[in-house]
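Take a look at the structure below.
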Amino acid sequence: MKPRRTSRPLNDMPGLFDSMDFHIAAIMPDDDAADVRRREILAEARRNAISGVEIAERPADMPRFVSFGSGSSGNCAYVGTQNCGVLIDAGVDAAKVETGLTANGIDPRGVAGIIVTHDHGDHVRYAYSLLRHHSHMKLWATPRCLNGILRRHSLSRRIKDYHVPVYKEFQFTVGELAITPFETSHDGTDNVGYCIEIGGHVMVVATDTGVITERADHYIRKAHHLMIEANYDADMLRRCARPEYLKARIASEHGHMDNAETARYLASAWTPQLRNVFLCHLSEDTNTPELALEAVRQALETAGVRVGDGSGRLGQRDADVQLTALPRFETSTLTFF
């Protein structure tokens, strides 16, 4: 584990990548033109849906996972079945999320709501836009996290009307999903990861954490599917033009994990039931998918684990674990569990 570099609470400081004025452009306008455009996008997605035969052949209650963006520009993913599931964070444009859901055969009306990991803008900026257009949805977050969202961002205070409080280590249910929040280490307000149990599968989300906490380690070792961050390459971070104070925050125990740290941890924590590893929150200017994947692949293979590339191609399917890096801006391939 990294040495502790700061003892000062960081809850009231801006996030690592928060823009002070992001809300001006990020929140979907409420005017009629925006609603018309949203309907056009969704109609086009339905006409051109990629679900087709492949998705139709899968049982509707088969668990699935898809990411709509992963990185400091915006984070949002879906886990659930074809008819019931949740969004993990809401930092990606609402229309893009709706389009991605529809294109993958998932009806937005079956999305029960959003589970929030923390209050940084790249994880919450489109939360109210999604909730406003889908009034059946809920917002699951700890009370402190909700207060952080309202304090940090110019989102409508009516977001509180959708809020359902959750608490670390207390499991709650959403349809077929049993979800347990747990402690992570980041400079947001009351940061959490999630252990999500569905259809006999366990998916764990451990993003935006400077170290793997004791409780995160407990849940990760139970996972069949793991979404874990590999944010930066240490050499690229040292050489980049970012201010030194920001480099220090990123590399601190309240910041992010680098490729080597994630790789070492996964090699030590791998268990035979772990089938998928999704590397998330890769930095745009201090990391590359190739570097992150290679670091983790080498560490796992050194530990005797056979690693597949997640493509499903012949010759890759028999690997012990499938390893992929979630795209920063694009929708990922739909993964069935």
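The values are calculated or read from the model by the stated rules, or taken from the named source; none is laboratory data. Here the structure is a predicted model, which means the values were calculated and not measured. Virtual Cβ from ideal backbone geometry, glycine too; neighbours counted across all protein chains shown. Quick note on the areas: whole protein, heavy atoms, side chains included, nothing else; ligands and nucleic acids left out. Shrake-Rupley method; radii C 1.70, N 1.55, O 1.52, S 1.80 Å.
Considering only Cα-Cα distances, which of the following residue pairs are longer than 28 Å: Lys222/Lys247; Lys160/Lys247; Lys138/Lys168?
Over 28 Å Cα-Cα: Lys222/Lys247; Lys160/Lys247.
Set Lys and Arg Cβ to +1 and Asp and Glu Cβ to -1, take the dipole of the stretch 278-317 about its Cα centre, and tell me which of Ser283, Val305, Ala295 lies farthest positive.
The residue sitting farthest along the positive end of the dipole is Val305.
Quick one: grab Rg to one decimal and Dmax as a whole number for the stretch 149-217, Cα atoms only, in Å.
Reported Rg and Dmax, both Å: 13.7, 40.
Could you derive backbone 3J(HN,Hα) for the stretch 225-238 from the dihedral phi with the Karplus parameters 6.51, -1.76 and 1.60 (θ = phi - 60°), listing whole Hz in sequence and x where the residue is Gly or Pro?
9, 10, 10, 9, 7, 9, 6, 8, 9, 4, 5, 5, 5, 4
Applying 1/(1 + (r/R0)^6) with R0 = 45 Å to the Cβ-Cβ distance of Glu294 and Arg157, what FRET efficiency is obtained, to the nearest 0.05?
Efficiency computed from Cβ-Cβ geometry: 0.45.
Can you tell me which of 160-171, 187-198 comes out highest on packing, and rank the rest after it, using the mean Cβ neighbours within 10 Å?
187-198, 160-171
Expressed as a rounded percentage, what relative contact order does the stretch 130-196 have, with Cα pairs under 8 Å and six or more residues apart?
Computed over the stretch 130-196, the figure is 27 percent.
Average projected area of the Cα convex hull of the stretch 206-276, in nm²?
Projected over every direction and averaged, the Cα hull of the stretch 206-276 covers 4.7 nm².
Which semi-axis lengths, in whole Å and largest first, follow from the square roots of five times the eigenvalues of the Cα gyration tensor of the stretch 94-182?
Three semi-axes, in Å: 20, 18, 11.
Considering the zone a paramagnetic label at Asp235 would reach in this model (a point 7 Å from Cα along the Cα-to-Cβ line), which residues of the stretch 298-313 have amide N under 17 Å from it?
Those under the cut-off are 298-299.
If the chain between Thr333 and Leu246 were fully stretched, how many nm would it gain, using 0.36 nm times the residue separation less the Cα-Cα distance?
Answer, rounded to one decimal: 28.0 nm.
Convert each backbone phi in the stretch 252-258 into a coupling constant with the Karplus relation 6.51 cos²θ - 1.76 cosθ + 1.60 (shift: θ = phi - 60°), then list the ³J(HN,Hα) values in order as whole Hz, x for Gly and Pro.
Result, ordered by residue: 7, 6, 9, x, 9, 9, 8 Hz.
Any chance you could run the full-extension gain for Asp309 through His218? It's 0.36 nm times the residue separation minus the Cα-Cα distance, nm to one decimal.
30.2 nm
Could you give each residue of the stretch 305-317 its phi-based ³J(HN,Hα) in whole Hz, using Karplus coefficients 6.51, -1.76, 1.60 with θ = phi - 60°, and x for Gly or Pro?
Calculated HN-Hα couplings, in order: 9, 7, 10, x, 9, x, 7, x, 5, 4, x, 9, 5 Hz.
Which value, in Å to one decimal place, does the Kirkwood hydrodynamic radius take for the stretch 151-283 when every pair of different Cα atoms is included?
After inverting the mean inverse Cα-Cα distance, the result is 16.1 Å.
Shape verdict for the stretch 264-337, please, from the Cα gyration tensor: rounded (a/c under 1.5), prolate (a/b greater than b/c) or oblate.
oblate
Highest first, please rank the peptides 311-321, 133-143 by the mean number of other Cβ atoms sitting within 10 Å of their residues.
133-143, 311-321
Could you compute the net charge surrounding Thr213? Neighbours are other residues with a C-beta less than 11 Å from the C-beta of Thr213; K and R count +1, D and E count -1.
-2
Counting only protein chains, not ligands or nucleic acids, how are Ser154, Ser332 ordered by accessible area (probe 1.4 Å), most first?
Ser154, Ser332
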